[in-house]
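Student: One structure coming up, written as structure tokens, with questions to follow.
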Amino acid sequence: MERIKRSWDLVKASWEVLKQDKELVLFPIISAVIMFFVTLTFLIPTLLGNILDSIFVNGMPIFGYIILFLFYLVQYTVVYFNSTALVGAAMIRLRGGDPKVKDGLSIAWSHILPILGWALVSATVGLILNALSNNSKKRGRGGKSLIASLLGAAWNVLTFLVVPVLAVEGLGPIEAIKRSWELLKRSWGEQISGKLSIGLIFGLIGVGGGLLLAGAGIGLSILLESIIPVIIFGIVLFLFIVILSLLNSTLSSIFSAAVYAYAAEGQTGMFDENLIQESIYS
């Protein structure tokens, strides 16, 4: 219960920032729209060329890994550009300013080279973890799959503050990783465990709301003997998940900005200092 309460407090604190700058949610929306078209750009040729069928039968070929790497690279560039813009705008608010969308975009564009470098590093790491996980599953070695998961979790912790570092300091990818780890150690010691718990609240809301909407749709369909309620509630469920995902992404980025502000500058803005510490420190 304590973890759920802390998660809810994090959501409320991040929400207070978002209420003052509602336009911050536009950055995840822009990212999602662009990623939709990027995915289609890679997926359609893959389907037309029967590459997926070949992968399922023969496993991932070298060419497949090249395509996957390019997809990761484009995906991370889009995501990190918009995340940097969002965090940059949130930092302006936490410092007492009044950010606009153009301010965030300007910050991201001014650091485009570090963002591209970080996307390249992330794509490389993502490809390695994907290959390790696929090879372990193909050979039935659950241990290596677990190792891949643990390495992924460790990587997420190590790079937790990279985007805020990019937004504020504009360091290169390797320097940004070092800086991220330095800031985390400085504020909470070397024993860092767990993740941000904002996702916990959205997970609970998503599961609860999803079950409620699905149950209502199925129940009405049975009662009315019609498929229409299932279709309607299915559309509502999809929109519900999309909205939750956008809010989760936005509030998590706002919180990461607050963590950076506290670790690097000793300020938390609209966040409680103890709340930030307890959400990271074990």
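Student: Considering the range 114-149 alone, what residues qualify as being at pLDDT 80 or above, over 19 Å from LEU86 (Cβ atoms) and surrounded by fewer than 17 Cβ atoms within 10 Å (Cβ to Cβ)?
Tutor: Of everything in the range 114-149, those that are at pLDDT 80 or above, over 19 Å from LEU86 (Cβ atoms) and surrounded by fewer than 17 Cβ atoms within 10 Å (Cβ to Cβ) turn out to be LEU120, THR124, VAL125, ILE128, LEU129.
Student: Does SER180 meet the test of being modelled with pLDDT of 85 or more and crowded, with 19+ Cβ neighbours inside 10 Å?
Tutor: yes
Student: I've got another one for you. Failed condition for GLY104, given (1) at pLDDT 85 or above; (2) loosely packed, with under 15 Cβ neighbours inside 10 Å, with all others met?
Tutor: (2)
Student: Checking ASN156 against (1) closer than 16 Å to SER83 by Cα; (2) loosely packed, with under 15 Cβ neighbours inside 10 Å; (3) modelled with pLDDT of 90 or more, which single condition isn't satisfied?
Tutor: For ASN156, the exception is condition (3).
Student: Look at VAL259 and say whether it is β-branched (Val, Ile, Thr) and modelled with pLDDT of 85 or more.
Tutor: Here the answer is no, as VAL259 does not meet what is asked.
Student: Now for a different question. Please count how many residues of the range 196-237 are under 19 Å from the mean Cα position of the chain (by Cα), surrounded by 11 or more Cβ atoms within 10 Å (Cβ to Cβ) and in a helix (DSSP H, G or I).
Tutor: Summing the residues that are under 19 Å from the mean Cα position of the chain (by Cα), surrounded by 11 or more Cβ atoms within 10 Å (Cβ to Cβ) and in a helix (DSSP H, G or I) in the range 196-237 gives 9.
The values are calculated or read from the model by the stated rules, or taken from the named source; none is laboratory data. Note that the coordinates shown come from a computational prediction; the quantities given were computed from them, not determined experimentally. Cβ sites come from the backbone with ideal geometry, for glycine too, and all protein chains shown count toward neighbours.
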